[in-house]
1. Being closer than 24 Å to P85 by Cα and not in a strand (DSSP E or B) is the filter here; which residues of the range 129-151 pass it?
2. Out of all the residues in the range 25-42, which are part of a loop (DSSP other than H, G, I, E, B) and over 22 Å from R84 (Cβ atoms)?
3. As an exercise: evaluate A11 against (1) assigned to a helix (DSSP H, G or I); (2) modelled with pLDDT of 85 or more and give the number of the one condition it does not meet.
4. Considering only the range 110-128, state which residues are over 16 Å from the mean Cα position of the chain (by Cα), part of a loop (DSSP other than H, G, I, E, B) and either over 21 Å from L94 (Cβ atoms) or of a type in the set (A, V, I, L, M) (or both).
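The values are calculated or read from the model by the stated rules, or taken from the named source; none is laboratory data. Keep in mind it's a predicted model, so treat the numbers as computed, not measured. As a convention, Cβ positions derive from the backbone with ideal geometry for all residues, glycine included, and neighbour counts pool all protein chains shown.
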Amino acid sequence: MADELGEVLTAVGPRLRALRQERGLTLAELSTATGISTSTLSRLESGGRRPTLELLLPLARAHRVPLDELVGAPATGDPRVHPRPIRRHGATILPLSRQAGGLQAFKHVLPPARGHPVPDPQVHEGYEWLYVLSGRLRLVLGEHDLVLVAGEAAEFDTRVPHWFGNDGAEALEFLSLFGSQGERMHVRARPSTG
């Protein structure tokens, strides 16, 4: 039992380093997000400091991963994702993927539009794919100003100035896939047999 615990704790450091690097964070940025000193983070990643629950909880929160993923707990066989809603400016965002880094999936629920919001386009590294489940999604992308309805999708490089919001009197629900720069959604289909 002690040997098994030692192996689990030894594997935490490299896992923490990989998560931080996948997200493109420096030790200083992670320190700011967690309140843990950069020297402690460095020692955790190198195995020079034993991980404790007090240190792992803020790291799991910052990386948006379950604690059992940080420590490499064996899978329970339950494939369900248990999202923790993120609420911002009246919108609810549900993370639908478990892994930090790589392609991330989210469900967005935006309340009905009030008035005519003024778009504030943003740019950042990455690539995004949107699919509208219900409602009307207004997407401002570069010089384009579009409205997508249920069943429509859009994909774009997030280095292009972009903004999206609800363009209807009902709640808007849509899915988004977000990946780092260069990652794009690939659809595989069998060719038609004429």
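1. Selection gives G135, A150, G151.
2. Here is the first cut: in the range 25-42, the residues part of a loop (DSSP other than H, G, I, E, B) are 25-26, 35-37.
Hits for the range 25-42 are T26, S37.
3. Only one criterion is unmet by A11, namely (2).
4. Let us first name the residues in the range 110-128 that are over 16 Å from the mean Cα position of the chain (by Cα), namely 110-123.
Then keep just the ones that are part of a loop (DSSP other than H, G, I, E, B); that gives 111-121, 123.
Listed by number, the residues that qualify are A113, R114, G115, H116, P117, V118, P119, D120, P121, V123.
Results for (1) more than 23 Å from L25 (Cβ to Cβ); (2) at pLDDT 85 or above; (3) part of a strand (DSSP E or B), shown as yes or no for each residue.
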site	(1), (2), (3)
L44	no, yes, no
R49	no, yes, no
L56	no, yes, no
D68	no, no, no
D78	yes, no, no
I93	no, yes, yes
S97	no, no, no
F106	no, yes, yes
